[in-house]
Every structure is written in structure tokens, then in C-alpha cells.
Amino acid sequence: MTTSFMAAERVLFTSESVTEGHPDKLCDQVSDAVLDELLRQDPNSRVACETATTTGTVFVVGEITTHGYVDLQKLVRDVVKDIGYTDADYGFDFQTCGVISAIKPQSPEIAQGVDHALESRQGQEPDELGAGDQGMMFGFAVDETPELMPLPITLAHGVAKTLADVRKRGELAYLRPDGKSQVTVEYSFGRPKRVDSVVVAAQHDPGVTYQRLRDDIVEAVIRRAIPGLIDDRTRFIVNGTGAFTIGGPMGDAGLTGRKIIVDTYGGYARHGGGAFSGKDATKVDRSASYAARYVAKNVVAAGLATRCEVQVAYVIGVAHPVSLNVETYGTATVPDERIRALIAEHFDFRPGAIIQRFGLRRPIFRRTASYGHFGRPELDLPWERTDMAQAFREALPKGVTAAR
């Protein structure tokens, strides 16, 4: 968000989410299920697993070096079944889908740079991990929700998850696994004021009348997921084409990493472009994005700013990031340079240090592959904790009071 956003009397901002039955999300879950299974057997597994799906078929490809073994046929079918594709009438189901794999080991040139960082090879540092790729990663936090996440993406996830929950519980038994949500929030001078519109696309059985579907979705999904922010001017748009019976891989092809904005901040903050799912933590696309979110969240939790974006950038095979930037959009209680110095003092952005701090060699990733990697208190994710906030507060100069 820009500072002009915070100065405007009325701004509409929209974020979307998708259910676990969306074809792209199905692929994310397969890729992370492969990662988790290999980490369970070999915590040092190097995994870059990509999944694609279309009518009747799931393709699993990528680069993997491990001492573990995965029965891909069984794993893929188990994930597809767990998501809810259990009926051949859906056009895609766990029993009849084909599973095709093409896996090769990690490039030895990449492995060399990850196993022994450039600094280690030059004798400048003890032997340590280098970054698994180049690129820039962003982390963000804002005080709009208890989870310190932007409100639009938080609400969009809530609607999508509620849509899936009422299907799984049988409350709306005619629903099928695919679905999307979209929530538009009205802001006034940078603060959320009301929900302007809610969009839901819900896959359903044939024969369900549109009026029944709309009424059920508005009452059992939207109003339940968004209490208190809906008023008599809020617009509800359900299944914009009228019918949505053809969904999942039968309706659209899916691919790992194609929902990176859903995975992060709903477009509210910047994104470096790298996907998360299917990558072990030596890939800084994932681990450094988690680290940047953790740091930004602790800055806001400490009261140093009401919104904070942290950017780090890496070179493949090099341990230390080549840059660290902090942006607080004019909301900080101390200069951004001071916050940047505090971060450098209290947090180590080297890949090995991030992995150790958050315990990222554990099989904890598939549960992040739906409904976002951030702002998930029910999962107790280590990068979502605010255990560094007190150290930040204590480092404030005398006479400076943290924001509340």
C-alpha cells in the first residue's frame, strides 16, 4: 500500500482466495505432500516438486535428491481423495485419475552452492548453507486484524474455508470441491470501514436451482464468515455465470505456484514472484519469505509501526542476503533506518539460520498449501510467532513510546 492510500477518504481494495479443490491448489497440496513425506524420512531432502493437472491426469515433475522414497501413485490419490474428489461424476476422482511422474536429482551445480556457501568456499565463513536460488522476497504485516494480516485476504480466506466446511460437514451436500471467494473492503484514510462486496463461485451438483444456491451461500457461508462488517449496501455476487457444475481439473488445468497472491497478502503488499509449495527450505523463495513475514510481524507487534514491509534479496550459493530493506509507509514511531538496524541486530537471514530458527526440516508444509501461509493461528506456524517483539520494544530509545 502507498502513503496516498492512507490519505484517501474512500478506497476499495479486493483480495481473493480459493478452496482446496481449486485445480491450482490441488497441485500445491500434492507438491507439499511430496515434500512432507520426504522430510519425514530424510530431513535433509532437497525438493523442488512441481505438479500439474488436467482432466483425468496428475503430472508430478521436478528435481529431488533424497534418501527417502515416495509411492507417488498412492500419495497423489490420497491427496485427491482427501480434498474431496471421490465421485467419478465430478469428471475427476482419486480412483480413476492417471498419475505420471518425471523426477530427476537436483543439479550438482546448484547442490554445490547450497551445500557450501560461496563465503565458505572462499574461507570467509565456517562451512554453511548457501541460498538455493537468487531473487527477492517480501514479508508484510499490518494491524488491521489480530493476526496482523490485511483484512481483505483474511476475509477472503474465511469465506473460502467456510465454503469448504459446509460441504465437508454435509450442511450443503450438493456442493463440490472447487470454489473461489473475493472480498472488497472499503477503506477510509487507510483504515477498513466496511465490506463493499463479496463474490463466491461455488461448484455444485446439477439440478440445484440458482435461487437456492444463492440463498444458501449468502446465509450459510458469507454472513457466517464475515460477521459485523456487512451492511445493507454490501453486494453479494454468487456464481456470476449462473451455473458451476464443471470444475476442478475437469474445468481448468492446474499448476503448482499459480496462486502466489492467494498464498501471501492478497495483493495488498508486494511479492517477489517465487512460489512456496513443493520447495524445501534451502529455497529462499519459501524460507526467506517466511523470515521476512516473521520480522515484519514482530515490528508491528512491538509497536514500532502499524504496517511494515521487509524485503531481502539473495544470490544463489551465497549465504548472506545482498540487501535488506524496510518500508513502514510513514507509520513508524522511530526512523526506518533504526528499525532496519534492529532487524540486522536481532535476526539472521542466512538460510541455515532461518531453517534452524523455525525448524524447517520438519514435515509441516502441506497444511500451509490451502488458505494462506500467513495469519494462521490454528496452525501455530513458527514464523507467525511474535517472540521477538519484546526485544524490539526494549531497544527503543529512551523517551520513545511504541505505537498501540
Considering segment 294-323, residues that are in a strand (DSSP E or B) and either closer than 10 Å to G139 by Cβ or among the polar types (S, T, N, Q) (or both), and then whichever is farthest from the chain's Cα centre (by Cα), we arrive at S323
Testing R212 on (1) assigned to a helix (DSSP H, G or I); (2) basic (K, R); (3) touching a residue at least 40 places away in the same chain (Cβ under 8 Å), one condition comes back false. Which one is that? (3)
Please tell me if A48 is in contact (Cβ under 8 Å) with a residue 24 or more places away in the chain, within 16 Å of the chain's Cα centre (by Cα) and over 24 Å from A269 (Cβ atoms). no
Taking segment 324-369 and keeping only residues that are touching a residue at least 40 places away in the same chain (Cβ under 8 Å) and part of a strand (DSSP E or B), one is left with none
Examine segment 268-280 for a residue that is farther than 30 Å from A344 by Cβ, open to solvent by less than 10 Å² (accessible area, probe 1.4 Å), within 26 Å of the chain's Cα centre (by Cα) and modelled with pLDDT of 95 or more, and state whether such a residue exists. yes
When segment 138-187 is examined, which residues are found to be closer than 23 Å to D24 by Cβ, hydrophobic (A, V, I, L, M, F, W, C), assigned to a strand (DSSP E or B) and within 15 Å of the chain's Cα centre (by Cα)? F138, F140
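To keep it simple, each residue is scored yes or no on (1) at pLDDT below 95; (2) among the charged types (D, E, K, R); (3) closer than 22 Å to V262 by Cα.
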residue	(1), (2), (3)
G179	no, no, yes
G190	yes, no, yes
V199	no, no, yes
D205	no, yes, no
V208	no, no, no
D215	no, yes, no
G228	yes, no, no
T234	no, no, no
V238	no, no, yes
Could you tell me whether segment 303-325 includes any residue that is open to solvent by 10 Å² or more (accessible area, probe 1.4 Å), in contact with a Phe, Trp or Tyr (Cβ under 7 Å, 6 or more places away or on another chain) and of a type in the set (V, I, T)? yes
For T328, indicate whether it is closer than 23 Å to M149 by Cβ and open to solvent by 10 Å² or more (accessible area, probe 1.4 Å). no
Could you list, in sequence order, all residues of segment 1-51 that are open to solvent by less than 10 Å² (accessible area, probe 1.4 Å), under 24 Å from H67 (Cα atoms) and acidic (D, E)? D28, D32
State yes or no: is G56 in contact with a strand residue (DSSP E or B) (Cβ under 9 Å, 6 or more places away or on another chain), within 30 Å of P206 (Cβ to Cβ), crowded, with 23+ Cβ neighbours inside 10 Å and not aliphatic (A, V, I, L, M)? no
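The values are calculated or read from the model by the stated rules, or taken from the named source; none is laboratory data. Fair warning: this is a prediction, and the values are worked out from it, not measured in the lab. Reconstructed Cβ throughout: ideal geometry from the backbone, glycine too, with neighbour counts over all protein chains shown. For the accessible areas, the whole protein counts, side chains as well, though only heavy atoms, and no ligand, DNA or RNA atoms are used. Shrake-Rupley method; radii C 1.70, N 1.55, O 1.52, S 1.80 Å.
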